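Student: Structure below; questions to follow.
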Amino acid sequence: MKTEENGMDIRLPQRKRLPHEVPPWVAEDAVFFITLNAQERGKSLLLEQDRPARLWESAQCYVRQNAWWPHLFLLMPDHLHLLASFTRSSGPRVVLPKWKRWTARALGIRWQRDFFEHRIRNAQEYQEKAHYIRQNPVRKGLVNKPEDWPFVWDAQG
C-alpha cells in the first residue's frame, strides 16, 4: 500500500538487514548488548531438556577459541540476552551467525535471521543494560526476583 501526501511517498524506508559492522575506532574490548530470538516466539524452546546447559557450554567453547567474552548471558524461553566483548577479527557480525548455525544444527534451535546489537558506551549504560537483562524474567512474570532465575551466567558473580 502506497501512502502519499502532496504527491510524495512518505513511507519510511524498510531496512532489510542490519549491517553489524564495528567501526575501526571502536575499542577491541567494547561490550555489546545483544538479543537473539528463536524463530517461534512464545514457546519455551531455549529452556527445554538440556538446552540451557548446552547453550552455555557452546558459549564457553567460543570463549576458549578467543571469539568472544560473555559478561552476562541470560536465557529466556524464546530469546536470549547477552553482554559480550569480541575480538577485532571476530566481531558480532562473524561470531553470532556462526554460533547460531552451530546451535541450530546441534540443538535443533531455529533462530530468527538476524540479531539486535547495541554497543555499550560507558559504565552507566553497562549497568542499565545489565539491570534490564536481569529484570527480564521478572517483567515476564517468570520469577519474583532476578536472583531466582536459574538460566543466567554472570562473569561478575
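The values are calculated or read from the model by the stated rules, or taken from the named source; none is laboratory data. Note that this is a predicted model, so its numbers are computed, not measured. Cβ: placed from backbone, ideal geometry, glycine included. Neighbour counts: every protein chain shown.
Student: Does segment 123-139 contain at least one residue that is of a type outside the set (Gly, Ala, Ser), surrounded by fewer than 16 Cβ atoms within 10 Å (Cβ to Cβ) and in a loop (DSSP other than H, G, I, E, B)? Don't jump to the end; show me each part of the working.
Tutor: First, pick out the residues of segment 123-139 that are of a type outside the set (Gly, Ala, Ser): 124-129, 131-139.
Narrowing further to those that are surrounded by fewer than 16 Cβ atoms within 10 Å (Cβ to Cβ): 124-125, 127-128, 131-132, 135, 138-139.
Filter again for in a loop (DSSP other than H, G, I, E, B), leaving none.
Looking for residues that are of a type outside the set (Gly, Ala, Ser), surrounded by fewer than 16 Cβ atoms within 10 Å (Cβ to Cβ) and in a loop (DSSP other than H, G, I, E, B), one finds none in segment 123-139, hence no.
Student: Could you list, ordered by first residue, the pairs with Cβ atoms under 7 Å in which the first is in segment 23-44 and within 19 Å of residue 96 (Cβ to Cβ) and surrounded by 11 or more Cβ atoms within 10 Å (Cβ to Cβ) and the second is at pLDDT below 75 and of a type outside the set (Gly, Ala, Ser), at least 6 apart or interchain?
Tutor: What qualifies is 28/88.
Student: OK, next. Quick one: which of 91, 108 is farther than 21 Å from residue 152 by Cβ and under 15 Å from the mean Cα position of the chain (by Cα)? Give the derivation first.
Tutor: Working: 108 fails: under 15 Å from the mean Cα position of the chain (by Cα).
Only one candidate passes the filter, namely 91.
Student: I would also like to ask the following. Any residue at all in segment 148-155 that is part of a loop (DSSP other than H, G, I, E, B), closer than 16 Å to residue 71 by Cα and modelled with pLDDT under 95?
Tutor: Checked against the condition, which is being part of a loop (DSSP other than H, G, I, E, B), closer than 16 Å to residue 71 by Cα and modelled with pLDDT under 95, segment 148-155 yields at least one hit.
Student: Same structure, new question: Within segment 54-113, which residues are closer than 25 Å to residue 148 by Cβ and exposed (fewer than 14 other Cβ atoms within 10 Å of the Cβ)?
Tutor: Residues satisfying the conditions are 57, 60.
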